[in-house]
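Beneath this line is the structure, given in structure tokens, with notes to follow.
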Amino acid sequence: MAIKQGSYTFVLPTRPAIVGSAAVVGSKEGQGPLGTEFDYVFDDVTLGEDSWEKAESALHREAVTRALAKAEKTPSQVDMIFSGDLLNQCVGTTFSIRELNIPFTGLYGACSTMALSLALAGLMTDGGIIDTAIAATSSHFCSAEKQFRQPLEYGGQKPPSAQWTATAAGAAIVEKGGKGVEIEAVHIGRIQDKGIKDANNMGAAMAPAACETIASFLEDMGDTPQDYDMILTGDLGKVGSTLLLELLELEKGIDISRVHSDCGNMIFDFETQDVNSGGSGCGCSGAVVCSYIINRLAQKKLNRVLFVGTGALMSPVTSLQGESVPSISHAVLLTSGGQ
């Protein structure tokens, strides 16, 4: 059973393992620096569907199906799936898995959903409540634009601080007693709100939450940044990453610059792809973690990665009402383990 460490962190003694993972993406993401890491790249972002929402569900289903196959599991062998997305009522996930007949815990953590789903899957398996879980998430550029901004036909221009929602999905099979990349500890974040109201500057809204979670996790564990091969945020992009480093150093006296990476900065090429401040969306960190990061941990090219998912807890309604953008950040310590 999880052991509370410090004020907000839980160490998982049984070290639940990720026994299979998969990431699938759209064509733009496939053309980025990590293109060869993904399990499948779709040339047609409609995925043969007649709506963007259905396309996102198909993307999500593909990631889950491929992760199950790689783990050599069937849906009937899974005790619970933890998943969510950016769409209203999490319909991207719901319509994706409705035929799998797996007990479902729907999540909304915005872009922090991959970290949240891994954290809950780890806690539930470590506690012996379930043996096998799926942690998954997805996003689609076109469905997100339609819901949060304007339909693509509008052709609205984005400011430099805006991020590009990744058309991507990631899924991981978490199992108690399995062999694979291990979940060593988790940290459930607290909502932070610094009054940012610009829906085109999610990095600025989410950086304070990442700052608080990283500082709290390191304090709880008695660690320094040098104890990790990577402290990976997802997804702050260029603007948010710069702010995070400044906040940590000025407010907490912590320098993570030598080990920090951000999924939003990794998934696209800033020189050749027009993505403004970088990638975003649930599927951005989901795809990066469920491919590149887990692959490198499995190969022991990385040994300890603190994955810090960040999410903006807003909706189109709150933006129109002039509300600020509350943010959240959850952390999962992934280790190469004794595979």
Within the range 205-244, tally of residues that are farther than 22 Å from Leu297 by Cα and either within 18 Å of the chain's Cα centre (by Cα) or surrounded by 18 or more Cβ atoms within 10 Å (Cβ to Cβ) (or both): 19
Residues satisfying the stated conditions in the range 197-211, i.e. more than 17 Å from Ser277 (Cα to Cα) and assigned to a loop (DSSP other than H, G, I, E, B): Lys197
Helices (runs of 4 or more DSSP H) wholly inside the range 252-328 that include at least 2 residues being in contact with a strand residue (DSSP E or B) (Cβ under 7 Å, 6 or more places away or on another chain) and under 25 Å from Arg66 (Cβ atoms): 263-266, 282-288, 294-298
Test: residue in the range 147-155 that is modelled with pLDDT under 95, touching a helix residue (DSSP H, G or I) at 6+ places or on another chain (Cβ under 8 Å), in a helix (DSSP H, G or I) and of a type outside the set (S, T, N, Q): yes
Flag if Ile267 is at pLDDT 95 or above, farther than 20 Å from Leu333 by Cβ and outside the structural domain of Glu56 (by TED's automatic domain parsing): yes
Residue check for Asn88: at pLDDT below 95 and surrounded by fewer than 19 Cβ atoms within 10 Å (Cβ to Cβ): yes
Which numbered condition Gln226 misses (of (1) farther than 30 Å from Gly26 by Cβ; (2) assigned to a strand (DSSP E or B)): (2)
All positions within the range 42-74 that are in a helix (DSSP H, G or I), surrounded by fewer than 20 Cβ atoms within 10 Å (Cβ to Cβ) and in contact with a strand residue (DSSP E or B) (Cβ under 9 Å, 6 or more places away or on another chain): Thr65, Ala69, Lys70
Pair list, Cβ under 9 Å, 6 or more apart: the range 1-24 residue without any contact (Cβ under 8 Å) to a residue 24 or more places away in the chain, other residue surrounded by 17 or more Cβ atoms within 10 Å (Cβ to Cβ): Ile3/Phe10; Ile3/Val11; Ile3/Leu12; Lys4/Phe10; Lys4/Val11; Lys4/Asp220
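The values are calculated or read from the model by the stated rules, or taken from the named source; none is laboratory data. A quick note: this is a predicted structure, and the numbers were derived from the prediction, not measured. Neighbour counts run over all protein chains shown; Cβ positions are idealised from the backbone, glycine included.
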